[in-house]
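The values are calculated or read from the model by the stated rules, or taken from the named source; none is laboratory data. Given the structure is predicted, the values throughout are model-derived calculations rather than measurements. As a convention, Cβ positions derive from the backbone with ideal geometry for all residues, glycine included, and neighbour counts pool all protein chains shown.
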């Protein structure tokens with residue numbers, strides 16, 4: 001989760017979303033979503049899924065993560081919160 005400085009949520013969201021082309025080139029990233037809260041426009045969620053631990057590690061050391069961590073931190077009120085998680089249940093996309 002990213003908490004932008006007051007009023008910087010839109011710009012932070014744009015900078016995070018700009019990494020999409022790099023993510024699209026990652027074969028092991030099976031889902032990548034950038035969500036901006038309707039309740040708090042300065043709160044951004046990045047949800048991603050990987051087909052393996054190796055793919056997660058490749059993503060975190062790859063160009064998408066590098067781009068985000070090079071362009072977004074100056075807009076943030078706090079360090080990003082990372083919450084590695086396991087999928088417990090899901091509904092496939094239509």
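Computed values, structure above
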| read-out | value |
| --- | --- |
| Test: residue in segment 79-87 that is in contact with a helix residue (DSSP H, G or I) (Cβ under 9 Å, 6 or more places away or on another chain) and within 18 Å of residue 14 (Cβ to Cβ) | yes |
| Tally of residues being loosely packed, with under 13 Cβ neighbours inside 10 Å and not in a helix (DSSP H, G or I) across segment 63-86 | 8 |
| Set 41, 54, 22: member being part of a helix (DSSP H, G or I), surrounded by 15 or more Cβ atoms within 10 Å (Cβ to Cβ) and modelled with pLDDT of 95 or more | 22 |
